[in-house]
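Written below as structure tokens is the structure these notes are about.
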């Protein structure tokens, strides 16, 4: 057991100075996790470290690129993109310390900007929505202005994404949030695809292949349609064929 948050990495300030950082958490639709994980794989990033906490989620997941810890650090030298993949969220008891320590490390490394990604509840999406996402940037952010409107008054972000955004602002680290509209009840692959396209095309400047994740979205749609038909069939039986 470690007594404090420890960032274990062989990355140097020379490597990370001016780099783009992308991360998210397991919130609505698992958008933050899906985007960061798929981005790291698509950029051919190498695992360059991990983060330890006094209270660690007890899980190791074997993935295509090897064993995955709860909080892994990936880096693409070619694109100069650092991706922090949160397979689990930091425990509440240490969440504040975790995010403050991470923010301090990113400032010390001199990163250029941090892009935070997460799901925005689909219930708040306007009827005639064209973009499928909203965004928000702190006062230090000088990066590309995105096409969608910024988050409207009255909406908010809660949880680790909000805490990390606040600490980055306090420490003077440029940061922006990309928030695709997402369903809350299930994994939302379509929202993750929108997030990947925005981050890849408008911020990093690279086309991110989404074939694999689009296939997952298609399978999910088929499953949901099948379930819907089954439910409708049961309702029809119960109502004697009359729909109300």
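The values are calculated or read from the model by the stated rules, or taken from the named source; none is laboratory data. Only a predicted model underlies this, so the values are computations on that prediction, with no experimental measurement involved. Neighbour counts are summed over all protein chains in view; Cβ atoms, including those assigned to glycine, are modelled from backbone coordinates with ideal geometry.
Scanning the stretch 201-215 for residues that are loosely packed, with under 12 Cβ neighbours inside 10 Å and over 17 Å from residue 31 (Cα atoms) yields a total of 2.
I'd like the full set of residues that are in a loop (DSSP other than H, G, I, E, B) and within 28 Å of residue 186 (Cβ to Cβ), limited to the stretch 1-52.
First pass over the stretch 1-52, keeping only residues in a loop (DSSP other than H, G, I, E, B): 1-5, 10-12, 17-19, 25-27, 43-45.
Those that are in a loop (DSSP other than H, G, I, E, B) and within 28 Å of residue 186 (Cβ to Cβ): 25, 26, 27, 43, 45.
As a summary of the residue check, residue 185 satisfies the conditions (1) modelled with pLDDT of 95 or more; (2) within 21 Å of residue 214 (Cβ to Cβ); (3) part of a loop (DSSP other than H, G, I, E, B) except for the one numbered (1).
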